[in-house]
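The values are calculated or read from the model by the stated rules, or taken from the named source; none is laboratory data. All values reported here derive from a predicted model rather than from experimental measurement. With ideal geometry, Cβ positions are generated from the backbone for all residues, glycine too; neighbour counts draw on all protein chains shown. To get the accessible areas, we keep the full protein, side chains included, count just its heavy atoms, and leave off ligands, DNA and RNA. Shrake-Rupley method; radii C 1.70, N 1.55, O 1.52, S 1.80 Å.
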Amino acid sequence: MREVERVAHFLGHTLDKVTIQEIVKHTAFDMMKDNPMTNASIFPTSILDLSISPFMRKGQVGDWKNYFTVAQNERFEEEYRRRMAETSLRFRTEL
């Protein structure tokens, strides 16, 4: 809920608790994984073949460590910092 509130605040909106709870519900990993509008299953296999690599994996915090090397993560972090430098929006990336 806190992250949804941060994004809403960043966008200049104040949301009531019910709306925030609905956003949290619909953006939960399991809900999004089953939703064709968010799981990329609507794309033809010529664009994205999910049998080769799933669009959404496990939804576990820190699972990237099983896929990224230290060097890849450093490159990602560098790019992320560069692109987010002009914004005050901050997210937790570890629990």
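Some notes on this structure:
- Number of residues in segment 24-45 that are open to solvent by less than 90 Å² (accessible area, probe 1.4 Å) and not polar (S, T, N, Q) equals 9.
- Selection count where residues are closer than 27 Å to residue 84 by Cβ, without any contact (Cβ under 8 Å) to a residue 12 or more places away in the chain and surrounded by fewer than 13 Cβ atoms within 10 Å (Cβ to Cβ), scope segment 1-21: 5
- For residue 48: the one exception among (1) open to solvent by 70 Å² or more (accessible area, probe 1.4 Å); (2) in a loop (DSSP other than H, G, I, E, B): (1)
- Enumeration of residues in segment 78-95 that are open to solvent by 100 Å² or more (accessible area, probe 1.4 Å) and either more than 16 Å from residue 7 (Cβ to Cβ) or assigned to a helix (DSSP H, G or I) (or both): 78, 81, 82, 83, 86, 95
- Residues that are open to solvent by 100 Å² or more (accessible area, probe 1.4 Å) and under 27 Å from residue 9 (Cβ atoms), drawn from segment 64-77: 76
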